[in-house]
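Written below as structure tokens is the structure these notes are about.
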Amino acid sequence: MKVAVLDIGKTNAKVALVDTATMSEITVVTRPNRIIEGPPYPHFDIDGIWAFFLDGLRQMQAEHGVDEISVTTHGACFVLLDAAGGLACPVLDYEYDGPNDLSQAYDTLRPAFEETGAPRLPAGLNAGAQLHWLVETQPGLRARASQVASYPQYWSGRLTGTFATEPTSLGCHTDLWLPQEGRFSDLPERLGLTMAPLAAANSIAGSILPELAAITGLAKGARVRSGIHDSNASLLPYLHGMEGAFSVVSTGTWVICMSVGGETVALDPVRDTLMNVNALGDPVPSARFMGGREYERMKPQTSVPDQADIERVLAGQKALHPAVEPGSGPFGEGAGGWSDDTMTPGEKGAALSLYLALMTATCLDLIGARGPVIVEGPFAKNALYLDMLAAQTGREVLLSNTATGTSMGASMLCAPTTGTETSLTERPTPKHATRLALYGKRWNQAVEASPASPATETQHRSDRRAST
């Protein structure tokens, strides 16, 4: 079966064609996920994405044939629809800080972290805060909005005419979902909004609308799956293919760490830990930071490090400290930066890779991760990142061999498999594991010593493990 996956990340949108018989990607096309600054506020370029999707489907149908369509998108995004299924308002960019203006009022409405597993986050990262800000600031919106769809289900709904909400998106720090109970919180009712009906990620939203079949060349009966949150798409192949405890590190704009079968720990909302919901409906302890965004922000100051650069950084304890992107991650209140402004671009390149690995290791520790660590996405190509991650966690690191784990997982909504789809490569033990672990220990000590950084027992545990 050939599945076209519509995949919207925060930075890029993609259409990937996956052959489910071999679990391989036949072709992928991408475009930037552009933000329109306004009016009335910064919002996603829905029309541009839609035209890109239709063009990608037409191209893939003409060149290879498409049997089914699946959808995966970033989280923290919900769409308010009018009675005709059109947009009741532009789709808000979750990084817009407008919702902060009503944060005090919103905090009186939102459920407790203990109920939702959703930490209180800035801007529109809590989808409930977005919805609250929109209905309170956009005239007539509450009356105009007929229902609210989660972002993947908006796109599958636009293809089929049937809109829905789905647990993996609802469970992504929205304040709208109770993961331990598997139902909506009372927040939508408090906001005066109606959520679209629930659907499972792998449920059939319907067949592609006839007019869209004519535009794309797809068969009129081509089926469209409801869709899934992107981090959970990355996790899904391993839920089918792995046994015992393991963790998945999905890298992109966000680095999302998810623990399956790990140690039971108390999640700390201050450290940006949260409870996600996987495609099977089960709660998944998770932690994250904006690693891809931080990498892009610091990259212009760096160059690709050679071994001499790495040696000088390790020997001199030259480092990058959190948080580069403030307001998120386990050290969101930290005043990040280079420990030594005289570092060369090569040294900064080495320190940046080490920083990203140490942030990832911290996230894994905070969620009680155990067993092998599976890394998928762009960071799986960064050798120094992988070496430090292995040294700091003391666990086996496995690499995903797919170009985009999100599209592979989303394709599995159409064709569940038996576990052979997980193509992984074991990362060799780092040659300088002891030196890397010592660097990590000292990095943690420096971060803990910062007045803005929370010194917790979980961090002490990470230090002790890295020193063994």
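Would you check if Ala88 is farther than 17 Å from Ser226 by Cα and open to solvent by 20 Å² or more (accessible area, probe 1.4 Å)? The answer is no for Ala88.
In segment 306-317, the residue that is nearest to Phe289 (Cα to Cα) out of those that are of a type outside the set (D, E, K, R) and open to solvent by 40 Å² or more (accessible area, probe 1.4 Å) is Gln317. Within segment 351-404, the set of residues being outside any helix (DSSP H, G or I), open to solvent by less than 10 Å² (accessible area, probe 1.4 Å) and of a type outside the set (Val, Ile, Thr) comprises Gly368, Ala369, Glu376. Taking Pro119 as meeting all but one of (1) within 24 Å of Arg142 (Cα to Cα); (2) modelled with pLDDT under 95, write down the number of the exception. Of everything listed in (1) within 24 Å of Arg142 (Cα to Cα); (2) modelled with pLDDT under 95, Pro119 misses just condition (1).
What about Ala437, is it modelled with pLDDT of 75 or more and buried (at least 16 other Cβ atoms within 10 Å of the Cβ)? When the stated conditions are applied, Ala437 passes them.
If the condition is being under 27 Å from Met290 (Cβ atoms) and surrounded by fewer than 16 Cβ atoms within 10 Å (Cβ to Cβ), then segment 11-36 contributes Thr11, Asn12, Val29, Pro32, Arg34, Ile35.
Looking at segment 158-174 only, could you name the residues that are touching a strand residue (DSSP E or B) at 6+ places or on another chain (Cβ under 6 Å) and either more than 14 Å from Met195 (Cβ to Cβ) or among the small types (Gly, Ala, Ser) (or both)? First the steps, then the outcome.
At the first step, the residues of segment 158-174 found to be touching a strand residue (DSSP E or B) at 6+ places or on another chain (Cβ under 6 Å) are 159-160, 162-163, 165-173.
Across segment 158-174, the qualifying residues are Leu159, Thr160, Thr162, Thr168, Ser169, Gly171, Cys172, His173.
Filtered by the rule that a residue be open to solvent by less than 20 Å² (accessible area, probe 1.4 Å), over 11 Å from the mean Cα position of the chain (by Cα) and farther than 19 Å from Ala164 by Cβ, segment 221-268 gives Pro237, Tyr238, Phe246, Ser247, Val248, Ser259. Scanning segment 318-350 for residues that are over 14 Å from Met290 (Cβ atoms), open to solvent by 10 Å² or more (accessible area, probe 1.4 Å) and charged (D, E, K, R) yields Lys318, Glu333, Asp340, Asp341, Lys348. Scan segment 128-147 and tell me whether some residue there is closer than 20 Å to Asn33 by Cβ and surrounded by fewer than 23 Cβ atoms within 10 Å (Cβ to Cβ). So far as segment 128-147 goes, no, none of its residues is closer than 20 Å to Asn33 by Cβ and surrounded by fewer than 23 Cβ atoms within 10 Å (Cβ to Cβ).
Restricting attention to segment 107-124, does a residue exist that is open to solvent by 10 Å² or more (accessible area, probe 1.4 Å), free of Cβ contacts under 8 Å to residues at least 24 places away in the same chain and part of a loop (DSSP other than H, G, I, E, B)? Within segment 107-124, one or more residues are open to solvent by 10 Å² or more (accessible area, probe 1.4 Å), free of Cβ contacts under 8 Å to residues at least 24 places away in the same chain and part of a loop (DSSP other than H, G, I, E, B). For beta carbons closer than 9 Å, sequence separation of 6+ or different chains, a first residue in segment 41-69 that is under 15 Å from Met1 (Cβ atoms) and open to solvent by less than 20 Å² (accessible area, probe 1.4 Å) and a second that is part of a strand (DSSP E or B) and among the hydroxyl-bearing types (Ser, Thr, Tyr), the qualifying pairs are Met60/Thr27.
Counting only strands (runs of 3 or more DSSP E) that sit completely within segment 196-281, those holding 1 or more residues that are under 23 Å from Gly377 (Cβ atoms) correspond to 223-225, 246-250, 255-260, 273-277.
For the structure I just gave you, tell me whether Arg190 is open to solvent by 30 Å² or more (accessible area, probe 1.4 Å), touching a residue at least 40 places away in the same chain (Cβ under 8 Å), charged (D, E, K, R) and over 30 Å from Glu333 (Cα atoms). The answer is yes for Arg190. Kindly evaluate Ser103 against the criterion of being in contact (Cβ under 8 Å) with a residue 24 or more places away in the chain, small (Gly, Ala, Ser) and open to solvent by 10 Å² or more (accessible area, probe 1.4 Å). In short, yes. Would you say Phe163 is surrounded by fewer than 19 Cβ atoms within 10 Å (Cβ to Cβ) and closer than 23 Å to Gly124 by Cα? Against the criterion (surrounded by fewer than 19 Cβ atoms within 10 Å (Cβ to Cβ) and closer than 23 Å to Gly124 by Cα), Phe163 does not qualify. Looking only at segment 14-34, residues that are assigned to a strand (DSSP E or B), within 11 Å of Phe52 (Cα to Cα) and without any contact (Cβ under 8 Å) to a residue 40 or more places away in the chain come to 4 in all.
One line per residue, one yes/no per condition, for (1) β-branched (Val, Ile, Thr); (2) modelled with pLDDT under 95:
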| site | (1), (2) |
| --- | --- |
| Gly9 | no, yes |
| Leu17 | no, no |
| Thr20 | yes, yes |
| Arg31 | no, no |
| Gly48 | no, no |
| His64 | no, no |
| Thr72 | yes, no |
| Val79 | yes, no |
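Of all residue pairs spaced 6 or more apart or on separate chains, those with beta-carbon atoms under 9 Å, a first member in segment 283-310 that is within 24 Å of Leu170 (Cα to Cα) and a second member that is open to solvent by 30 Å² or more (accessible area, probe 1.4 Å) and of a type in the set (Phe, Trp, Tyr) are Arg288/Trp254; Phe289/Trp254; Met290/Trp254; Gly291/Trp254; Gly292/Trp254; Arg293/Trp254.
Residues in segment 287-302 that are of a type outside the set (D, E, K, R) and either open to solvent by 50 Å² or more (accessible area, probe 1.4 Å) or part of a strand (DSSP E or B) (or both): Ala287, Phe289, Tyr295, Pro300, Gln301.
The values are calculated or read from the model by the stated rules, or taken from the named source; none is laboratory data. Only a predicted model underlies this, so the values are computations on that prediction, with no experimental measurement involved. Cβ sites come from the backbone with ideal geometry, for glycine too, and all protein chains shown count toward neighbours. Note: accessible area is taken over every heavy atom of the protein model, side chains too, but ligands, DNA and RNA are not part of it. Shrake-Rupley method; radii C 1.70, N 1.55, O 1.52, S 1.80 Å.
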